[in-house]
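Worksheet for the structure shown next.
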Amino acid sequence: MSVQPLISAVESASSALELLHATAALARSADAAAAPTLVEVLGFNNPGAAVAAVDGLVAIGSPAVEPLLQLDPRNYGARAWAVRALAGIGDVRGLDLLIEALLTDVGPSVRRAAAKGLGNLQLAALTVGERAAIAQRCLDALVGAVSDGEWVVRYAVVVGLEGLALGCGWSQDHPGHGHICTGLAQLGDPSCEEASVVRLRAALALQRLQPS
Amino acid sequence: MAWPDAAEQHRCYEPSRKDRGIGQDRLTAMGPMTGEPINEQEALARLRQSDDPSMQYYGAWWLGRNRSRHPESVPLLIAALQQRRPRDPGAGIEENAVARNAARALGKLAPAALAAVPELLAALGDPDDGLREAAARALGDLGATEAVAPICARLAGGPAEAGARQDGCPRLVEPCEALLEALGDIGVAEPDVLTVIEPFTRHDWPLIRSAAARALLQLSGEPRWAEPLLALLGDSQLQVRRAALMDLGAAGWRPAVDAISTTLAENSLKLIALRGLIENGSGEPGDDALLAAMDALL
């Protein structure tokens, strides 16, 4: 089935509920041609439709990245949803936006998504040199956020650091691996980290990364 | 000067506290009013002066938010708790705004704020139901067992009296939600306390039923009190679903993990609820399964 009728249904939706249903249907197509329309929905101030659009953009994957990166930075609401989509897609072209979001966004839920996304980038297809450079930038950003004021962001930093360690291919004696473990140790230390759920998750990550 | 917290602007109908976690993205590192970070000395100075109540209001908020341990914080907040000021609809100011915020801040400053329990108990008898609400929450946060008897006395009339609507205003005679939650948080599981709470599980308002079931679940641990909360996760109103999420988290009811994960609400609130299951609950499902459920919602 062509995706065009589904796109038209989103464009002609006349109520919030209609937009939600039309977006969900278009998202289910997971067709690359749907990406620009789904990106447009992110700016409509309809959270239900935006959640559906993010799911669709993540399912589309790489072809959705360019339209996401072209969003107007002044459209804050749409950018926040775009960070969630880029975090889910894991394409390295989203790196700059994810780093900026983690370190500067005012919304904890946006920083949270960015932190998880920085541990979720798909690095396997890159050259060894590219992979090392990108992993280092992810590491610096995540370590820079271990003192974020919101527990849920620090929790996501733990998950991001764990994902980065597992995805970047550093050996146990690589300095980067050591820095990840140092960051996790700080997030697991009661004298630095007040939220016990964050400490618990950090201990689990360390256990996975440093099997005894 | 703008009044600090939009959520506190004058309104007869106040949102549940459970709703306040949302939309505060912008209130975190910087103050909600000034746009610039202030330090503890500045917060204390703002609370100490009395010419500008909005500065006091902000100072009190800052000290609570940042868990101040300064020796002057609790005495200054106790003094602020005594301030009475009529509501000023023109300026968007709620009744006794500084006193209410001082009570809220004291609730966050245990153990030093235990010294404020007598003043908070007095505020529990204030004519202003909004101040009674703030005092009840603070006493619950402080786990003040002295508050159980006076709170039970306030609720003793049941849904028909304490839980009746005030004339001309969609508020109840007593701040029932806060009083019920405080009883659950304080944790005195005596039969006569449970007897006072139980009738509120049949209140007309779902938020009150949710608070009552939460308190009974916290105090008795009986699974039957989780059932109304799980049912409210499927309520047609987002506000009710949010409240049930927070209540299951506060009670640490771990069997609710899947129901929480699939509730139609913001992931931010589901994460807070799941954190509650981990930190307040025990047993099955275990920590690793709960952490995996949290990871999936980031």
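The values are calculated or read from the model by the stated rules, or taken from the named source; none is laboratory data. What you see is a predicted model; the values in this text were computed from it and never measured. FYI the Cβ positions are ideal-geometry reconstructions off the backbone, even for glycines, and counts take in every protein chain you see. Each accessible area value is taken on the protein alone, full model and side chains, heavy atoms only, with ligands, DNA and RNA left out. Shrake-Rupley method; radii C 1.70, N 1.55, O 1.52, S 1.80 Å.
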- Starting at the first residue of segment B:45-53, write each ³J(HN,Hα) from the Karplus equation 6.51 cos²θ - 1.76 cosθ + 1.60 with θ = phi - 60°, in whole Hz, x for Gly and Pro. 5, 5, 6, 6, 5, 10, 6, 10, x
- Task: Find the eigenvalues of the gyration tensor of the Cα atoms of chain B, then list the square roots of 5 times those eigenvalues as equivalent ellipsoid semi-axes, largest first, in whole angstrom.
- Result: 30, 23, 19
- Item | Relative intensity, log₁₀ I(q)/I(0), of segment B:39-130 from a Debye sum that treats every alpha carbon as a point, q = 0.15, 0.24 Å⁻¹ | -0.50, -1.21
- For segment A:127-212 the GluC sites (Glu not before Pro) that pass both the DSSP coil test and the at-most-11 other-Cβ-within-10 Å test are A:Glu194
- Among B:Ile197, B:Ile278, B:Ile260, residue whose mean-square fluctuation peaks in a GNM of chain B (springs only between Cα atoms under 10 Å): B:Ile278
- Just report the Cα centroid separation between segment B:126-149 and segment A:51-80, whole Å. 46 Å
- Query: Accessible area lost on pairing B with A, both sides, 1.4 Å probe, Å² to nearest 100?
  - Reply: 1700 Å²
- Task: Measure nothing fancy, just the Cα-based angle from helix A:76-89's long axis to the longest principal axis of chain A, in degrees from 0 to 90, nearest 10.
- Result: 70 degrees
- Unit-weight point scatterers at every alpha-carbon of chain A, Debye formula, q = 0.08, 0.17 1/Å: log10 I(q)/I(0) is -0.31, -1.06
- Message: If I build a Gaussian network model for chain B, linking alpha-carbon pairs within less than 10 angstrom, which residue out of B:Trp205, B:Trp253, B:Trp225 has the largest mean-square fluctuation?
- Response: B:Trp205
- Message: Checking buried surface per residue: for segment A:72-112, which residues lose a minimum of 30 Å² accessible area in the protein assembly relative to the chain alone (1.4 Å probe)?
- Response: A:Val106, A:Pro108, A:Arg112
- Note down, for segment B:182-223, the three equivalent ellipsoid semi-axes (square root of 5 times each alpha carbon gyration tensor eigenvalue), biggest first, whole angstrom. 16, 10, 9
- At q = 0.07, 0.08, 0.13 Å⁻¹, what is the log10 ratio I(q)/I(0) for the protein assembly as shown, with the Debye formula run over Cα points and no solvent? -0.43, -0.57, -1.34
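Remind me, what semi-axes does segment B:149-280 give for its equivalent ellipsoid, largest first in whole Å, using sqrt of 5 times each Cα gyration tensor eigenvalue?
Taking √(5λ) for each eigenvalue gives 24, 17, 11 Å, largest first.
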- Return the calculated 222 nm mean residue ellipticity for chain B, to the nearest 500 deg cm²/dmol, obtained by summing -39500 (n - 2.57) across DSSP H runs with n ≥ 4 and dividing by the residue count. -15500 deg cm²/dmol
- Query: Given Cα pairs under 8 Å that are at least 6 residues apart, what percent is the relative contact order of chain A?
  - Reply: 13 percent
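What is the calculated FRET efficiency for A:Ala25 to A:Asn45, with r their C-beta to C-beta distance and R₀ = 25 Å, to the nearest 0.05?
0.80
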- Quantify, in whole percent, the carbon and sulfur part of the accessible surface of segment A:70-212 (1.4 Å probe; protein heavy atoms only). 53 percent
- 5 angstrom amide H check on B:Ile93, placed H, neighbours 5+ away: B:His10, B:Asp88
